[in-house]
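Structure, as structure tokens:
The values are calculated or read from the model by the stated rules, or taken from the named source; none is laboratory data. From a predicted model like this one, the values you see are computed outputs, not experimental measurements. Methodologically, a virtual Cβ is constructed for each residue, glycine included, from the backbone with ideal geometry; neighbour enumeration extends over all protein chains shown. Ligands, DNA and RNA are stripped out before the accessible areas are found, and what is left, the full protein with its side chains, is counted by its heavy atoms. Shrake-Rupley method; radii C 1.70, N 1.55, O 1.52, S 1.80 Å.
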Amino acid sequence: MDIFPQCFSCILDVRFKEILNSINDRDKAISVQYKLLNIANEEFSRSKELTHIASNIYLRLVKEAPEIVKYYKELKRKSIDTALNEIKPLKKYASSLNGYEKFRFVVKVSIAGNLLDLGVSQFTPPSSITLDFINNLQFGIDNTYEAYNIIRNKKILYLFDNAGEAVYDTLLIETLKEMGNEIVGVVKEEPGFQNDLTIEDARYLGLTTQMKIITTGYAGSSIHLENVNDTLKRELNEADIIISKGMANFEYIYFMKFDKPVLFLLVPKCEPVAIALNTKKRLLVALLRKE
């Protein structure tokens, strides 16, 4: 995805907050912020593709300040634990539904989890995700009916996003399995990108006992094909359909060509992504690109 004017301040604001929240030493915090400005200048000068820029800035920053990785690890554990409690009534409600009605509901739950995003400036995630909260959410793009009619007996490559969000993905994954699909989950390589799901988080959540999980072999924001491992490339080739969670995956994958359908599930939390989708911020997006 191309750079918008807002992207500069958004990326830097998030990075500055990480530094201030994770580094207690005053002198080091100041030093790392100086380094961040130099890193950002270099990366924005080097590339015009947003997800590569964001990935490179973050990965270079955590080399200077590994405290940020610890900061996110603690946040991810709390997010997962909270989500595991909050999903129980949602799972009970989903079990009372059938067919397309159930599919659309669990898709809404999955997308609602995408609101647990710590990587967008001036965006505050919801304090809780309840049944009432889910029912009050509105779609900006709703291709769930088309997706429901084609996602059967397929091999699905499921690209996870945030750690807490992954808990809310489990209802959709269970429903997809009931529809005869085989699912391979994709998580980030350690130490991960921001609060995105890694293999360590997947084990903590219990996903590794529920499905096949592979890593990208890379800790960037999306599945940048020049950086991912051969395992992911093989699974990409063998999959019948891709389910892509989150903004960063949309920002990269939507502008790539794959010879298979891609179902994008996300909430646009910034104006550039909303513009790219021709929708409004905070509305749910279930966008099926057929090829």
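Just one of (1) closer than 29 Å to N136 by Cα; (2) in contact with a helix residue (DSSP H, G or I) (Cβ under 8 Å, 6 or more places away or on another chain); (3) assigned to a helix (DSSP H, G or I) trips up V62, so point out which.
It fails just one condition, (1).
Pairs please, first residue from the stretch 42-56 and over 13 Å from Y252 (Cβ atoms) and among the hydrophobic types (A, V, I, L, M, F, W, C), second anywhere and assigned to a helix (DSSP H, G or I) and open to solvent by 30 Å² or more (accessible area, probe 1.4 Å), Cβ atoms under 9 Å, 6+ apart in sequence or on different chains.
Final answer for the pair search is F44/F8.
Tell me the residue from S121, S110, S127 that is small (G, A, S), modelled with pLDDT under 95 and surrounded by 14 or more Cβ atoms within 10 Å (Cβ to Cβ), please.
Within the list S121, S110, S127, the selection yields S121.
Quick check on my filter: what residues within the stretch 85-107 are open to solvent by 70 Å² or more (accessible area, probe 1.4 Å) and touching a Leu at 6+ places or on another chain (Cβ under 8 Å)?
P89, K91, Y93
I'm told I151 meets every condition in (1) in contact (Cβ under 8 Å) with a residue 12 or more places away in the chain; (2) under 27 Å from A219 (Cα atoms) except one. Can you identify the failing condition by its number?
(2)
Taking into account only those residues within the stretch 65-84 that are open to solvent by less than 40 Å² (accessible area, probe 1.4 Å) and part of a helix (DSSP H, G or I), which is farthest from Y34 (Cα to Cα)?
For the stretch 65-84, the residue satisfying everything is A83.
One residue is enough: does the stretch 137-145 have a residue meeting the conditions surrounded by 15 or more Cβ atoms within 10 Å (Cβ to Cβ), among the acidic types (D, E) and under 25 Å from V267 (Cβ atoms)?
yes
Hey, can you tell me all the residues within the stretch 257-269 that are among the basic types (K, R) and either open to solvent by 20 Å² or more (accessible area, probe 1.4 Å) or in contact with a strand residue (DSSP E or B) (Cβ under 7 Å, 6 or more places away or on another chain) (or both)?
Hits for the stretch 257-269 are K257, K260.
If a residue must be over 24 Å from E74 (Cβ atoms), surrounded by fewer than 16 Cβ atoms within 10 Å (Cβ to Cβ) and either modelled with pLDDT of 95 or more or touching a strand residue (DSSP E or B) at 6+ places or on another chain (Cβ under 8 Å) (or both), how many such residues does the stretch 184-210 contain?
0
Here's the yes/no breakdown for (1) in a loop (DSSP other than H, G, I, E, B); (2) among the aromatic types (F, W, Y); (3) open to solvent by 10 Å² or more (accessible area, probe 1.4 Å):
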site: L232; (1), (2), (3): no, no, no
site: N237; (1), (2), (3): no, no, yes
site: I243; (1), (2), (3): no, no, no
site: Y252; (1), (2), (3): no, yes, yes
site: F255; (1), (2), (3): yes, yes, yes
site: P272; (1), (2), (3): no, no, no
site: A276; (1), (2), (3): no, no, yes
site: K281; (1), (2), (3): yes, no, yes
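Picking from A40, A54, A29, which residue would you name as being farther than 22 Å from A219 by Cβ and either among the aromatic types (F, W, Y) or crowded, with 16+ Cβ neighbours inside 10 Å (or both)?
A29
What pairs can you find where one residue is in the stretch 272-291 and at positive phi, the other is of a type in the set (G, A, S) and not in a strand (DSSP E or B), and their Cβ atoms are less than 9 Å apart, with a gap of 6+ or different chains?
Going by the 9 Å Cβ cut-off, the qualifying pairs are R282/A274.
Are there any pairs with C-beta distances below 6 angstrom linking a residue in the stretch 20-37 that is in a loop (DSSP other than H, G, I, E, B) to a residue that is surrounded by 14 or more Cβ atoms within 10 Å (Cβ to Cβ) and modelled with pLDDT under 95, with the two at least 6 apart or on different chains, and if so which?
none
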